[in-house]
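Heads up: the structure comes next, in structure tokens.
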There are 2 protein chains.
Amino acid sequence: MGSLDSNYDTESPASVGQFNPLDPEEFRKQAHCIVDFIADYYKNIESYPVLSQVDPGYLHSRLPKNAPYRSEPFESILKDVQKDIIPGMTHWMSPNFFAYFPATVSSAAFVGEMLCTCFNSVGFNWLASPAATELEMVVIDWLANMLKLPKSFMFSGTGGGVLQGTTSEAILCTLIAARDRALEIVGVKNFNKLVVYGSDQTHSTYAKACKLAGILPCNIRSIPTTADSNFSVSPLLLRRAIEADKAAGMVPLYICATVGTTSTTAIDPLSSLADVANDYGVWFHVDAAYAGSACICPEFRHYLDGIERADSLSLSPHKWLLSYLDCCCLWVKSPSLLVKALSTDPEYLKNQPSESKSVVDYKDWQVGTGRRFKALRLWFVMRSYGVANLQSHIRTDVQMAKMFEGFVKSDPRFEILVPRVFSLVCFRLNPISGSDPTGTEALNRKLLDWVNSTGRVYMTHTKVGGIYMLRFAVGATLTEKRHVSSAWKLIKEGADVLLKED
Amino acid sequence: MGSLDSNYDTESPASVGQFNPLDPEEFRKQAHCIVDFIADYYKNIESYPVLSQVDPGYLHSRLPKNAPYRSEPFESILKDVQKDIIPGMTHWMSPNFFAYFPATVSSAAFVGEMLCTCFNSVGFNWLASPAATELEMVVIDWLANMLKLPKSFMFSGTGGGVLQGTTSEAILCTLIAARDRALEIVGVKNFNKLVVYGSDQTHSTYAKACKLAGILPCNIRSIPTTADSNFSVSPLLLRRAIEADKAAGMVPLYICATVGTTSTTAIDPLSSLADVANDYGVWFHVDAAYAGSACICPEFRHYLDGIERADSLSLSPHKWLLSYLDCCCLWVKSPSLLVKALSTDPEYLKNQPSESKSVVDYKDWQVGTGRRFKALRLWFVMRSYGVANLQSHIRTDVQMAKMFEGFVKSDPRFEILVPRVFSLVCFRLNPISGSDPTGTEALNRKLLDWVNSTGRVYMTHTKVGGIYMLRFAVGATLTEKRHVSSAWKLIKEGADVLLKED
């Protein structure tokens, strides 16, 4: 048997019948079947442990070593999804998922994604699917309007935007644009002198993107933050760092500020940072991957004040705008710098609209060449729900986090460690104030393990300013107040058990 | 109205009712509805012009300037897909699509993709969804076995693989691994001396990836190819280029060979190139994005001979293995080099399995942090069809291309310009042999325009060795012999019309 020894050559090709992998009626049958499977999964999702309880390597022993030689029935594969895959899933869609930042979803985005898959257009340039490019331009301007971004970031103004996969790509692309602009002035012989800036709270992907772009690791400055400023970066320290670098003959290149850091949702002060960036002609990028979405509500919009003096902004609707992975919006003030750094012009893609410069060719705004029609997802979300519901969705999550914050404050054994701004609560169990920090950390590590190993709730931790914190991130799409209340009860129960043990 | 002036703040938040964007029954209803929409689209796809006939900016005028404030009914949005989006699509799924390389699909991959979307797990590390990581390791080994890759590229051996989005990312990641390894030896002060090699037929994304990684454009060597060698690169010329660079004090870093170039499916001689690469300790990458898939058939496997001496291999199942975008497999011999160059270790992602080094954390194998559960798609494809049907699918496409080649050869007004190897035919109309090359090019440009503007067929062109060629790429999933025959009839009809005009 071919499937046993992978000696697929021994079988006669003639033994294979007519093969039509996209027969519309077979497609219809299977797709309807999987729709019910998925709807049932969402319906029953609370019956699964949130955090997968399998051991490393669990799947390897369950699956054959080779792909089968002959086709297998759809029903068997679906059965194996239930039997082999689901136990190994950490259920991000569970209403009891409070880890990392939840990745939010919606029926509208799902059907938009299905259409995107259906068309399977490879929209590297305008001609390869005009609708894919033009709808992307429309929705990215729509979202810019919802965020009250200045016209300088919009196609209807002098800028523009693009859908990337992740923040990493968005940062990498703008970094390359900034880098190439700088090198034109200082010359490539000074490549090793390019310096970039962030804080010790900037997402780890920033340093990685910088390294990818060839910035020397020793030239990546990480400005320390403190609890006094709620872990937002100090413009003064940034200015000093830049001045020190300039004095040493270095070339300050790029600043990445964050609105809503991953550890604690700290907010860097954009206006003051823009002052520094503008004073030294440094590219100023704002990473608002998570909290940017909240800025569609007027009560949060002020966290983006100063954005009009930034060079670029990234925000991931897959985090908090119900859009499924992967969808990161990048807006830039100077699309021409992006295109200059990232464009390619092979003969086999040449075409009249591109040559006439009357169209946007998105391959020149990103790392790769091929790209999917992801704008459909955002279009479906914005139209299906409208701005009103999207604002309401943000507010509901924030309200639930506020409720959890209230629970924590009501129990003197616990403490809030960073003021809550959005839908993340950073807290810890600290029954005896002023007790040994190592002991407190160990206690909280135990509590986290205890909670997660029940499978009833999943949350994660961070360590900031030397303090180990539990992170309770509200926002999974199916989460309701009752889930937050139950989670708190479980956490308290864990505390009870652990404190009794002590 | 908020939707007119985007003044979304005036509306009272209290006016918004209960909002549940993932109600399982609403999800079920909408998803079933879109399944039928998609099945009907595939069924009726021949009724649409293959190449979209819209003008630049067509969509802008049709859509509102802002997202709606209130939700809109699902049915209206779907109606607008039909009315506004479909006319702007270039229908990659059409059986009459013969442009670029077709992007192939299947019911199995579609349902796999639906499940991937459903789970929406953000698999940055093992713990975030063990099944996502482990199934990826399984299917990438399965495909390696189908391709008879050596154990040195497999998890079951000493290497491993990962699913990237596109070839660009695969090349970028391996380039960074190679770069960092080299810089450890020669020191960062020699960054500007790193040199990379490809041919003038290497995909345009290669030079872009090199520039992203900080390789100076003047250090990207493009070895010229000629028609004599069917546009494959000469190992001798490569060796000379490397020797010249070494003599000039440069540091040869990375060679990218191609199995199946985009213009003409030229095949670089891997074994001889490996000799050169190994002699100089240069990282040797093989880009088999398109033609690699054919190597699951024993009659094509020899084009990968020599792969055992490469450092890395990339292949995109979204091109020819029925997998929808985006899915590029990357295999490497030394995962540790990749991880060393790309790993991050922020506190908020720390966890016991990662620290025990007993698991793979795929965020350290790619550009970004977040990633989707794409392995489901390949798993569904391999199991649903089995190796037998996948081989048959490749062979059928090659047979149809052979048939088209026969048509071209049978008409003395046309000529084949490059020997056909896989499913791409490069040809031109050249009624009077030896006639003025500019005239011949103009005639073929006209013919291409004539054919594509009918909307009945879409094909593209290239220019290699100074010769303008028409590319007829067989392989869209729904294409049958009758479509190839009709396309040829249409091309001949175009030739008749144009030659009469002359």
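A short reminder: the numbers here are calculations on the coordinates, not readings from a lab. These numbers come from a predicted model, not from an experiment. Ideal geometry is used to build each Cβ from the backbone, glycine not excepted, and the neighbour counts take in all protein chains shown.
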> Using a simple charge model, +1 on the beta-carbon of Lys and Arg, -1 on the beta-carbon of Asp and Glu, nothing else, what dipole does the protein assembly as shown show about its Cα centre, in debye to the nearest 20?
Replying inline: 720
> How large is the dipole of segment A:278-364 about the Cα centre if only Lys and Arg carry +1 and Asp and Glu carry -1, each at its Cβ, rounded to the nearest 20 debye?
Replying inline: 100
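Taking 51 Å as R0, compute the FRET efficiency from the Cβ-Cβ separation of B:Asp345 and B:Ser47 and round it to 0.05. Walk me through the numbers before you get to the answer.
Working: r = 54 Å, r/R0 = 1.06.
My answer for the efficiency is 0.40.
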> For A:Lys246 and A:Asn278, FRET efficiency with R0 = 22 Å and r from the beta-carbon atoms, rounded to 0.05?
Replying inline: 0.90
> Where in segment B:71-108 does the amide nitrogen come within less than 18 Å of the point 7 Å from the Cα of A:Gln18, taken along Cα to Cβ?
Replying inline: B:95, B:107
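Using the structure shown, select from A:Lys208/A:Lys319; A:Lys246/B:Lys363; A:Lys83/B:Lys374; A:Lys29/B:Lys319 the pairs with a Cα to Cα distance greater than 23 angstrom. Spell out each step's value before the answer.
Numbers: A:Lys208/A:Lys319 21 Å; A:Lys246/B:Lys363 34 Å; A:Lys83/B:Lys374 19 Å; A:Lys29/B:Lys319 25 Å.
Over 23 Å apart, Cα to Cα: A:Lys246/B:Lys363; A:Lys29/B:Lys319.
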> Of B:Ala291, B:Pro335, B:Pro317, which is farthest along the charge dipole of segment B:284-348 in the positive direction, counting Lys and Arg as +1 and Asp and Glu as -1 at C-beta?
Replying inline: B:Ala291
>> Apply the Karplus curve 6.51 cos²θ - 1.76 cosθ + 1.60, θ = phi - 60°, to the phi angles in segment A:55-70 and return the couplings in whole Hz, x for Gly and Pro.
In response: 9, x, x, 4, 7, 3, 6, 8, 9, x, 6, 9, 5, x, 7, 9
>> If each label sits 7 angstrom from Cα along the C-beta direction, how far apart, in nm, is A:Pro353 from its counterparts in the other copies?
In response: 4.5
> If amide H atoms are built 1.01 Å from N in the plane of the peptide, which residues on other chains or at least 5 residues away come under 5 Å of the amide H of A:Gly159?
Replying inline: A:Phe153, A:Met154
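Report, please, the projected area of segment B:74-134 averaged over directions, based on the convex hull of its C-alpha atoms, in nm². Don't jump to the answer; show the numbers that get you there.
Values: hull surface 27.4 nm².
Here the figure is 6.8 nm², rounded to one decimal.
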> Given label points at 7 Å from Cα along Cα→Cβ, what nm distances, shortest first, separate A:Lys463 from the same residue in every other copy?
Replying inline: 6.0
> Which values, in whole Å and largest first, are the semi-axes of the equivalent ellipsoid of segment B:334-420 obtained as the square root of 5 times each eigenvalue of the Cα gyration tensor?
Replying inline: 48, 18, 10
> In nm, one decimal, shortest first: how far is the label point of B:His60 (7 Å from Cα along Cα to beta carbon) from the matching points in the other copies?
Replying inline: 5.5
> What's the Cα-based Rg to Rh of segment B:36-159, Rh via Kirkwood?
Replying inline: 1.10
>> Checking the cross-link filter: which lysines have an alpha carbon closer than 19 Å to that of A:Lys148, excluding same-chain neighbours under 8 positions apart?
In response: A:Lys333, B:Lys65
>> With n ≥ 4 as the cut-off for DSSP H runs, can you work out [θ] at 222 nm for chain A, using -39500 (n - 2.57) per run divided by the number of residues, rounded to the nearest 500?
In response: -13000 deg cm²/dmol
> Can you list the HN-Hα couplings for segment B:118-135, worked out from phi with the Karplus curve (6.51, -1.76, 1.60; θ = phi - 60°), rounded to whole Hz and with x for Gly and Pro?
Replying inline: 3, 5, 6, 7, 9, x, 5, 9, 4, 4, 5, 3, x, 5, 5, 5, 6, 5
>> Binning at 10 angstrom from zero up to the longest distance, how are the C-alpha pair distances of segment A:212-319 distributed in percent?
In response: 14, 45, 33, 7, 0
>> As I understand it, the dipole of segment A:114-218 uses +1 on the Cβ of Lys and Arg and -1 on the Cβ of Asp and Glu, about the Cα centre. Which of A:Val162, A:Met114, A:Trp126 lies farthest toward its positive end?
In response: A:Val162
> In peptide B:99-111, what is the residue-averaged number of other protein chain Cβ atoms found within 10 Å of each Cβ?
Replying inline: 6
> Label-point separation (nm) for A:Lys500 and B:Cys218, each offset 7 Å from Cα along Cα-to-Cβ?
Replying inline: 7.5
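So, with +1 on the Cβ of K and R and -1 on the Cβ of D and E, and no other charges, what is the size of the charge dipole of segment B:345-445 about its Cα centre, to the nearest 20 debye?
On the way: 15 positive and 11 negative charges, 78 e Å.
Here the size comes out at about 380 debye.
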>> Check which residues have an amide H placed less than 5 Å from A:Phe231's amide H, if you skip close sequence neighbours.
In response: A:Thr226
> Just which residue of chain B brings its Cβ nearest the axis of rotation onto chain A, and by how many angstrom, rounded whole?
Replying inline: B:Gly214, 1
> Exactly which GluC sites (Glu not before Pro) in segment A:395-487 are in a DSSP loop and have at most 15 other Cβ atoms within 10 Å?
Replying inline: A:Glu480
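Going by a ≥ b ≥ c, the root eigenvalues of the Cα gyration tensor, does segment B:24-70 fall in the rounded group (a/c under 1.5), the prolate group (a/b larger than b/c) or the oblate group? Kindly include the intermediate steps, with their values, before the conclusion.
Numbers: a/c = 5.48, a/b = 1.13, b/c = 4.85.
Verdict is oblate for segment B:24-70.
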>> For chain A, what does the relative contact order come out to in percent, with C-alpha contacts under 8 Å and a separation of six or more?
In response: 21
> Given 10 Å bins starting at zero, what is the percent of C-alpha pairs of chain A in each, up to the one with the largest pair distance?
Replying inline: 4, 17, 24, 24, 19, 9, 3, 0
>> For the pair A:Lys83/A:Cys33, report the inter-label distance in nm, with labels modelled 7 Å from Cα in the Cβ direction.
In response: 1.5
>> Can you give me the long-range amide H partners of B:Ile223? Hydrogens built in the peptide plane at 1.01 Å from N, cutoff under 5 Å, separation of 5 or more residues or another chain.
In response: B:Gly198, B:Ser199, B:Asp200
> If you line up the Cα atoms of the protein assembly as shown on their principal axes, what length do they span on each, largest first, in Å?
Replying inline: 92, 64, 61
>> Run the reach check for A:Lys463 against aspartates and glutamates, Cα to Cα strictly under 13 Å, same-chain hits fewer than 8 apart removed. What comes back?
In response: A:Asp200, A:Glu441, B:Asp345, B:Glu347
>> Please list 3J(HN,Hα) in residue order for segment A:27-44, calculated via the Karplus relation 6.51 cos²θ - 1.76 cosθ + 1.60 where θ = phi - 60°; whole Hz, with x for glycine and proline.
In response: 4, 4, 5, 5, 5, 4, 4, 6, 4, 5, 4, 6, 4, 5, 4, 4, 5, 9
> Taking +1 at the Cβ of each Lys and Arg and -1 at the Cβ of each Asp and Glu, which of A:Ile220, A:Leu238, A:Val186 sits farthest along the dipole of segment A:145-242 towards its positive end, judged by Cα position relative to the Cα centre?
Replying inline: A:Val186
